[in-house]
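Below is one structure, written out as structure tokens; the observations come after it.
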Amino acid sequence: MAEPGSAESTLLRGTAIFAAAVTVVLYLFGLLLVGVALSEAGSGADSTPMHQCRDAGNVQVDARQVQFLPLRVLCRTPDGREFTSGVVPPWLNPALAVSFAATVALAAAAFVQADRRAAARQASARS
């Protein structure tokens, strides 16, 4: 016979693991997009500055910078202004934030559930 609350605990743990996997997949997808854009920018004629920086308008770009949290590529002009290149889709960082928050919340709930079950087992063993 299964313990009371074991199905809920298993569901919480499984959902937390799924949310963590979604977070990892989304982040790796973003890293892949950044990596492809950077590799294209470093090879061939007409490859620098990045096409994504050049396509932003009539702006001269002299540098780029990769940020990993939030995931994005910044283009820098000679006068110090920065703008986002558009390599990373605008929905990706909010989706990462939501999936990471869900992972933390679900993992915390699973730990609390496990702690309550352990306390209930100890109380029933004493009586």
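Here are some notes:
- Inter-residue pairs, beta-carbon under 8 Å, first within 14 Å of Gly30 (Cβ to Cβ) and in the range 74-96, second in a strand (DSSP E or B) and among the charged types (D, E, K, R), 6+ apart: Thr84/Arg72; Ser85/Arg64; Ser85/Arg72; Val87/Arg72; Val88/Arg72; Asn93/Arg72
- Every condition in (1) open to solvent by 50 Å² or more (accessible area, probe 1.4 Å); (2) of a type in the set (Val, Ile, Thr); (3) at pLDDT 85 or above holds for Thr48 except the one numbered (3).
- The residues of the range 4-32 that are open to solvent by less than 50 Å² (accessible area, probe 1.4 Å) and either outside any helix (DSSP H, G or I) or farther than 15 Å from Thr103 by Cβ (or both), listed by number, are Gly5, Ser6, Ser9, Gly30.
- For the range 91-127, the set of residues classified as more than 21 Å from Glu8 (Cβ to Cβ) and modelled with pLDDT of 95 or more consists of Trp91, Leu92, Asn93, Pro94, Ala95, Leu96, Ala97, Val98, Ser99, Phe100, listed by residue number.
- Inspection of the range 66-79 finds no residue satisfying the criterion of being in contact with a Leu (Cβ under 6 Å, 6 or more places away or on another chain), of a type outside the set (Asp, Glu), more than 15 Å from Leu33 (Cβ to Cβ) and open to solvent by less than 80 Å² (accessible area, probe 1.4 Å).
- Across the range 61-81, not a single residue is classified as modelled with pLDDT of 80 or more, out of contact with any His (no Cβ under 6 Å at 6 or more places or on another chain), of a type in the set (D, E, K, R) and assigned to a helix (DSSP H, G or I).
- Members of the range 61-80 that are farther than 13 Å from Met50 by Cα and more than 21 Å from the chain's Cα centre (by Cα): Pro78, Asp79, Gly80
- Selected residue [of a type outside the set (S, T, N, Q) and either surrounded by 16 or more Cβ atoms within 10 Å (Cβ to Cβ) or over 15 Å from the mean Cα position of the chain (by Cα) (or both)] from Ala120, Ala97: Ala120
The values are calculated or read from the model by the stated rules, or taken from the named source; none is laboratory data. Predicted model, so just to flag it, every value in this text is computed and none were measured. With ideal geometry, Cβ positions are generated from the backbone for all residues, glycine too; neighbour counts draw on all protein chains shown. Remember, those area values only see protein heavy atoms, side chains included, never the ligands or the DNA or RNA. Shrake-Rupley method; radii C 1.70, N 1.55, O 1.52, S 1.80 Å.
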